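Peer 1: Pasting a structure below so you can have a look.
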Amino acid sequence: MYVVVIGAGEVGTSIAASLASDHEVVVVDVDPDRAEQLKYELDVLTIAGDGTTSDIQSAAEVGRADMIIACTDDDQTNLVACGAAKTLGDGFTIARVKSTEFLRTWQGSEGAFGVDFMVCTDLLTAENIVRVIGLPAAVDVDPFAGGLVQMAEFEIGEGSPVAGQTVSEADRFESLTFVGLFRDGEMTIPRGDTDIVVGDRAVVVGSPESVQSFATDVAPATTPDHADEIVVVGGSEIGYQTARLLEERDFTPRLIERDADRARWLAENLPNSVVMEHDATDTEFLSREHVDEADIVVTALGSDEKNLLISVLAKRLGVDRVIAVVDSPDYVTVFEEIGIDIAINPRTVTAEEITRFTYESVAENIAVLENDQAEVLELELTEGCGLTGRPISEIVAESDVRFVIGAITRNHQLVTPRGDTVLRAGDHVILLVESDSVGQIASMA
Amino acid sequence: MTRTIDPRATLSYTGSIVKFLSASMVVPLLVALIYGADVLTFAASMTIAVALGTGLERLDDEPDIGPRDALAVVSLAWFMAAVVGAIPYVIAGYGTSSALAHPVNALFESMSGFTTTGATATAEISFEQHSRAVLMWRQLTQWLGGMGIIVLMVAILPQLAVNGAQLMESEAPGPGLQKLTPRIVETARALWLIYLAFTVALIAVLTLLGVTGLAPEMDLYNAIAHGFSTLPTGGFSPEAESIGAFSPVVQWAFVPFMVIAGVNFALFWYVLRDDPREMFENTEFRMYLGLVTGFAAILAVGLFYGGAPATEIGGITEGVTENALRQGVFQIASLMNSTGFATADFAAWDTQTQFLLLFAMFIGGSAGSTGGGIKVIRWLILLKTLRRELYTTANPNVVRPVRLGGEVVDEDVIRGILVFTLLYVLVFALSAVFIEIDTTRIGEGLTGIEALAASLATIGNIGPGLGPLGPFGTYEFLPNTTKLLMIGLMWIGRLEIVPVLALFVASVDER
């Protein structure tokens, strides 16, 4: 592939570094020194200049590029760069944005701004935090269909209430589907009467809320329940999105924000959270509000120093789990060595997401399970393909490929698949298929 | 923009409104022609009113009004409407024994009509004393005032459309105007059409009951007359015994229409637009229905166990299920949203049941309805604010907005509601004191609860009070000073205090 990366900050550099070995990569950065420096650090071509102009884009041969990744620190720059790239050629454009407003506009009308795929840093980070908080028992968790659908793999431990039940007994959630069951390393396609035993690994696909509820069933001891005290320190965009996603999963987090206007805004937009207006670095305040008794503390303040301070403070006060947002990738290890349970870096998260997207694959999104025995794929169905127009049960009965449809999204709405559901062109289908049959199933889509 | 009001432009606008409002005297004029009485009265009244309106209108050829003038226009227009509306009473009553011949009584009656209060300053309501035309005018003033004369004028007068939103805002009951369409004229028309449709429906139902013989005393005249005073939560009736003059089936027929009159009319617009969820999920609507049902149930039980002595009108309720239920439901449906119809003389009831009624009167209808009072939505927001304040006192760092049906209520709106409610209670209490002292002065002293009820019945645009001011009583014997105060109370009660006060504040600023 010929890839043009616009913006050589931490995200751009990280993406370029992971792509450089297999692909032709050109990096554009506005800072000549940075461009010069990168030329020696990575095996890529660098161009210094404004990546939104057609001059520079022509110089980077954007017209023949397979993929254009705009990942500067500025939302508008990234959107304009993608829009400009679309005038020159037909490469796949990826834009990194901070604002969830842009993401919402883009989701409302795919292809808006000339962007083919949009990664929202703050939202992605928040989703990561919530996954870490909500599903500590999961072996593997992957988002699909822009976060509407989650796939999770759970190990059924000793004493799990689900052990000994049949699949139909365990699957009591409306929008959740059991797609696979691994026993002694062997995959089986679960049926309603399949027994679940200790040591099994269950793969489920469904809405994030139903996966969360299922996690409570599988591992009640480790999965936080709704009575658990979660404190988010800092009402930044990440803090806000984290609280919002926690609310969606029926938690009632407490959010601490210093600025009065921002606190008011947060309180208005987070009906099920308790927003407190105070300086979180005030230890007296923290003990007065019993933050020490919290089960989970997330620090999402504007600076790493403050996050470090609060994290250490929370740990010393006796908080079970502390999750810190760390702006500088270099500090991640420092945080974790000090004893902070998890340090999350938004840039790393973004770079990983974009890199994951660049894997050449038939599917839009994949997750590989259990030593490549099976894959969970997200496929967009085209007009007149082999999966549309008939009920799912008929297709499954006639096909010799073993696959299970876990979830369908239609116009950004989750549709729970049933035997009589008829798929349509434009649907996104999240399905589990044995790795050997990936090609076959992809040719049907 | 100047800081003071522009008197010429304001008066000119008021003149236009008065002029067109006078045209509505065509209705009593027609009635007069049919029954052959008081034709001259209405011909003369109409001429005077149109001349007055045109004269005022001529003060400014191209009136241009700002927000402050808009408040003044609304306040003045309502006052002038009452003045013009009083003319027929004075002319018709001249030389007869009618109390309405006295200008203060006439103005009281007219203001009571336009503000949909329904308190009467005449002792005798009968066709012998007043012609059918005069009594129809009395009903019509309520209908015009119900949805609001400003809303009506915005709907039909293109020159008012520019400032329409400002004007309607000052008139609309409740905290804020709900704009249904991008153009204010269409909003005004939609509201009036819904209002008209319900009125026609009620007239049809009543006529049908009359024609089928279920209610022989309900003729077409009565059906129209009561249609004109139910939807506006008025309360006037050409019958001396109000709705008690009709059979139980008619009384039941009134209940749903009175309840509807206390609902935000904008909600019906959503129903028409195939969006009934907007109505049934509306917090105020649900609260309103809940309050009506709750109060009615308590009152019915109270009446069943002897809350009312056996009276001539309304009959015995003690131990009689249907009657206790009907009296309870009717009185609450009528008094809570400030209609003021009655099927029983609750002025003769026990103090406990009267207190229940007084409490219900304090609540009022919904915002955007035709009802008076403090309004359900204000109580809701007040209670939620109170709870929030208690919570934040215990948790000083917590930021917590007040929410209504999931929507955040702006702090400015909350402040406005606090100010309004405080003013309302203050004016209500001070007026009760004044009424008490003033009536004692002429030797007609009211009891404490009667003075409170009188004050509440006028500022809340309810109508009937307690004691001698009860549903079958009259305000006639009150001293003129008290009547003038009450005219003021009805006026500021209908416009929700602020526009009227702003008028006085504006004139003070000018000095």
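The values are calculated or read from the model by the stated rules, or taken from the named source; none is laboratory data. Just so you know, these numbers come straight off a predicted model, no measurement behind them. Using ideal geometry, Cβ is built from the backbone for each residue, glycine included, and neighbour counts are taken over all protein chains shown. The area values use the complete protein model at the heavy-atom level, side chains included, leaving out ligands, DNA and RNA. Shrake-Rupley method; radii C 1.70, N 1.55, O 1.52, S 1.80 Å.
Peer 1: How about the range A:24-49: which of its residues are open to solvent by less than 70 Å² (accessible area, probe 1.4 Å) and farther than 20 Å from A:Asp116 by Cα? Talk me through it step by step, then tell me what you get.
Peer 2: If we filter the range A:24-49 for residues that are open to solvent by less than 70 Å² (accessible area, probe 1.4 Å), which is where we start, we get A:25-29, A:31, A:34-35, A:38, A:42, A:44, A:46-49.
Correct list: A:Asp29, A:Asp31, A:Arg34, A:Ala35, A:Leu38, A:Leu42, A:Val44, A:Thr46, A:Ile47, A:Ala48, A:Gly49.
Peer 1: Another one. I'd like to know if the range A:276-285 contains one or more residues that are away from chain B (no Cβ under 13 Å) and open to solvent by 50 Å² or more (accessible area, probe 1.4 Å). Break it down into steps so the answer makes sense when it comes.
Peer 2: From the range A:276-285, those away from chain B (no Cβ under 13 Å) are A:281, A:283; that's our starting set.
Now restrict to residues that are open to solvent by 50 Å² or more (accessible area, probe 1.4 Å): A:283.
Among the residues of the range A:276-285, at least one is away from chain B (no Cβ under 13 Å) and open to solvent by 50 Å² or more (accessible area, probe 1.4 Å), which makes the answer yes.
Peer 1: Return yes when B:Thr116 is within 21 Å of the chain's Cα centre (by Cα), farther than 22 Å from B:Gly364 by Cα and not in a helix (DSSP H, G or I) and no when it is not. Can you show your working first?
Peer 2: Values: within 21 Å of the chain's Cα centre (by Cα): yes; farther than 22 Å from B:Gly364 by Cα: no; not in a helix (DSSP H, G or I): yes.
Considered against the rule, which asks whether it is within 21 Å of the chain's Cα centre (by Cα), farther than 22 Å from B:Gly364 by Cα and not in a helix (DSSP H, G or I), B:Thr116 comes out as no.
Peer 1: Have a look at B:Gly146, B:Gly176 and point out the one that is out of contact with any His (no Cβ under 8 Å at 6 or more places or on another chain), modelled with pLDDT under 90 and buried (at least 24 other Cβ atoms within 10 Å of the Cβ).
Peer 2: From the options B:Gly146, B:Gly176, the qualifying one is B:Gly146.
Peer 1: When you go through A:Thr242, A:Thr223 one by one, which is the residue that is open to solvent by less than 10 Å² (accessible area, probe 1.4 Å), assigned to a helix (DSSP H, G or I) and of a type in the set (Ser, Thr, Tyr)?
Peer 2: On the way: A:Thr223 fails: assigned to a helix (DSSP H, G or I).
The conditions single out A:Thr242.
Peer 1: Among (1) open to solvent by 50 Å² or more (accessible area, probe 1.4 Å); (2) farther than 28 Å from A:Ile344 by Cα, there is one condition A:Leu148 misses while meeting the rest; what is its number?
Peer 2: (2)
Peer 1: Oh, and also: Identify all residues within the range B:338-356 that are surrounded by fewer than 24 Cβ atoms within 10 Å (Cβ to Cβ) and either at pLDDT 90 or above or of a type outside the set (Phe, Trp, Tyr) (or both); write none if there are none.
Peer 2: Let us first name the residues in the range B:338-356 that are surrounded by fewer than 24 Cβ atoms within 10 Å (Cβ to Cβ), namely B:345, B:347-348, B:350-356.
Passing the criteria: B:Asp345, B:Ala347, B:Ala348, B:Asp350, B:Thr351, B:Gln352, B:Thr353, B:Gln354, B:Leu356.
Peer 1: Got a sec? Which of A:Gly406, A:Gly389 is at pLDDT 80 or above and exposed (fewer than 15 other Cβ atoms within 10 Å of the Cβ)? Spell out how you get there, then give the answer.
Peer 2: Numbers: A:Gly406 fails: exposed (fewer than 15 other Cβ atoms within 10 Å of the Cβ).
Matching residue, one of A:Gly406, A:Gly389: A:Gly389.
Peer 1: When you look at A:Glu237, is it open to solvent by 10 Å² or more (accessible area, probe 1.4 Å), of a type in the set (Asp, Glu) and more than 19 Å from A:Arg321 (Cα to Cα), yes or no?
Peer 2: Numbers: open to solvent by 10 Å² or more (accessible area, probe 1.4 Å): yes; of a type in the set (Asp, Glu): yes; more than 19 Å from A:Arg321 (Cα to Cα): yes.
Taking the combined requirement at face value, the residue satisfies it.
Peer 1: Another question, if that's okay. Only one residue in A:Ser213, A:Ser273, A:Ser207 is crowded, with 16+ Cβ neighbours inside 10 Å, within 11 Å of another protein chain (Cβ to nearest Cβ) and either out of contact with any Ser or Thr (no Cβ under 6 Å at 6 or more places or on another chain) or in contact (Cβ under 8 Å) with a residue 12 or more places away in the chain (or both). Which one? Write out each step before concluding.
Peer 2: Values: A:Ser213 fails: within 11 Å of another protein chain (Cβ to nearest Cβ); A:Ser207 fails: within 11 Å of another protein chain (Cβ to nearest Cβ).
Exactly one of A:Ser213, A:Ser273, A:Ser207 is crowded, with 16+ Cβ neighbours inside 10 Å, within 11 Å of another protein chain (Cβ to nearest Cβ) and either out of contact with any Ser or Thr (no Cβ under 6 Å at 6 or more places or on another chain) or in contact (Cβ under 8 Å) with a residue 12 or more places away in the chain (or both), namely A:Ser273.
Peer 1: Tally the residues that are exposed (fewer than 15 other Cβ atoms within 10 Å of the Cβ), part of a helix (DSSP H, G or I) and within 11 Å of chain B (Cβ to nearest Cβ), restricting the search to the range A:247-265. Even if it seems obvious, please write down each step before you answer.
Peer 2: Taking the range A:247-265 and keeping what is exposed (fewer than 15 other Cβ atoms within 10 Å of the Cβ), we get A:248, A:250, A:259-261.
From the residues that got through so far, the ones that are part of a helix (DSSP H, G or I) too are A:248, A:260-261.
Subset that is within 11 Å of chain B (Cβ to nearest Cβ): A:260-261.
Residues in the range A:247-265 being exposed (fewer than 15 other Cβ atoms within 10 Å of the Cβ), part of a helix (DSSP H, G or I) and within 11 Å of chain B (Cβ to nearest Cβ): 2 in total.
Peer 1: Can I ask one more? Suppose the filter is touching a residue at least 24 places away in the same chain (Cβ under 8 Å), outside the structural domain of B:Thr14 (by TED's automatic domain parsing) and out of contact with any Cys (no Cβ under 7 Å at 6 or more places or on another chain); does B:Val185 pass it? Step through it out loud before you land on a result.
Peer 2: Working: touching a residue at least 24 places away in the same chain (Cβ under 8 Å): yes; outside the structural domain of B:Thr14 (by TED's automatic domain parsing): yes; out of contact with any Cys (no Cβ under 7 Å at 6 or more places or on another chain): yes.
For B:Val185, the condition - touching a residue at least 24 places away in the same chain (Cβ under 8 Å), outside the structural domain of B:Thr14 (by TED's automatic domain parsing) and out of contact with any Cys (no Cβ under 7 Å at 6 or more places or on another chain) - is met.
Peer 1: Answer with yes or no whether A:Asp33 is over 20 Å from A:Thr350 (Cα atoms) and in a loop (DSSP other than H, G, I, E, B). So that I can check it myself, show each step before the final result.
Peer 2: Numbers: over 20 Å from A:Thr350 (Cα atoms): yes; in a loop (DSSP other than H, G, I, E, B): no.
Answer is no for this residue.
Peer 1: Could you tell me whether the range A:220-227 includes any residue that is touching a residue at least 12 places away in the same chain (Cβ under 8 Å), more than 13 Å from chain B (Cβ to nearest Cβ), touching a Leu at 6+ places or on another chain (Cβ under 8 Å) and closer than 25 Å to A:Val139 by Cβ?
Peer 2: Yes, there is a match, as at least one residue in the range A:220-227 is touching a residue at least 12 places away in the same chain (Cβ under 8 Å), more than 13 Å from chain B (Cβ to nearest Cβ), touching a Leu at 6+ places or on another chain (Cβ under 8 Å) and closer than 25 Å to A:Val139 by Cβ.
Peer 1: Here is a follow-up. Would you confirm, using the coordinates I've provided, whether A:Val396 is modelled with pLDDT under 85 and surrounded by 15 or more Cβ atoms within 10 Å (Cβ to Cβ)? I'd like the intermediate steps shown before the answer.
Peer 2: Values: modelled with pLDDT under 85: yes; surrounded by 15 or more Cβ atoms within 10 Å (Cβ to Cβ): yes.
Taking the combined requirement at face value, the residue satisfies it.
Peer 1: Then there's this: Here is a check on your reading of the model: is A:Ser311 surrounded by 18 or more Cβ atoms within 10 Å (Cβ to Cβ) and more than 11 Å from every other protein chain (Cβ to nearest Cβ)?
Peer 2: Judged against the criteria, A:Ser311 is a match.
Peer 1: How about the range A:204-229: which of its residues are within 27 Å of A:Trp265 (Cβ to Cβ) and touching a helix residue (DSSP H, G or I) at 6+ places or on another chain (Cβ under 6 Å)? Write out each step before concluding.
Peer 2: Here is the first cut: in the range A:204-229, the ones within 27 Å of A:Trp265 (Cβ to Cβ) are A:208-209, A:212, A:224, A:226, A:228-229.
Result: A:Gln212, single match.
Peer 1: Return a yes/no flag: does the range B:106-125 have any residue that is open to solvent by less than 10 Å² (accessible area, probe 1.4 Å) and farther than 28 Å from B:Gly262 by Cα. If you could, list the steps in order and put the result at the bottom.
Peer 2: From the range B:106-125, those open to solvent by less than 10 Å² (accessible area, probe 1.4 Å) are B:106, B:108-117, B:119, B:121-122; that's our starting set.
Narrowing the set further to residues that are farther than 28 Å from B:Gly262 by Cα leaves none.
Looking through the range B:106-125, none of the residues is open to solvent by less than 10 Å² (accessible area, probe 1.4 Å) and farther than 28 Å from B:Gly262 by Cα.
Peer 1: Select, from A:Asp295, A:Asp341, the only residue that is open to solvent by 10 Å² or more (accessible area, probe 1.4 Å) and farther than 14 Å from A:Ile129 by Cβ.
Peer 2: Numbers: A:Asp341 fails: farther than 14 Å from A:Ile129 by Cβ.
Result of the check over A:Asp295, A:Asp341: A:Asp295.
Peer 1: Which residues, counting only those in the range B:213-245, are part of a helix (DSSP H, G or I) and not hydrophobic (A, V, I, L, M, F, W, C)?
Peer 2: B:Tyr221, B:Asn222, B:His226, B:Gly227, B:Ser229, B:Thr230, B:Ser242, B:Gly244
Peer 1: Something else about it: Checking the structure you have, find out if any residue of the range A:157-166 is over 19 Å from A:Ala221 (Cα atoms) and surrounded by fewer than 20 Cβ atoms within 10 Å (Cβ to Cβ). Spell out the reasoning first.
Peer 2: Within the range A:157-166, the subset over 19 Å from A:Ala221 (Cα atoms) is A:166.
Restricting the remaining residues to those that are surrounded by fewer than 20 Cβ atoms within 10 Å (Cβ to Cβ) gives A:166.
Looking for residues that are over 19 Å from A:Ala221 (Cα atoms) and surrounded by fewer than 20 Cβ atoms within 10 Å (Cβ to Cβ), one finds at least one in the range A:157-166, hence yes.
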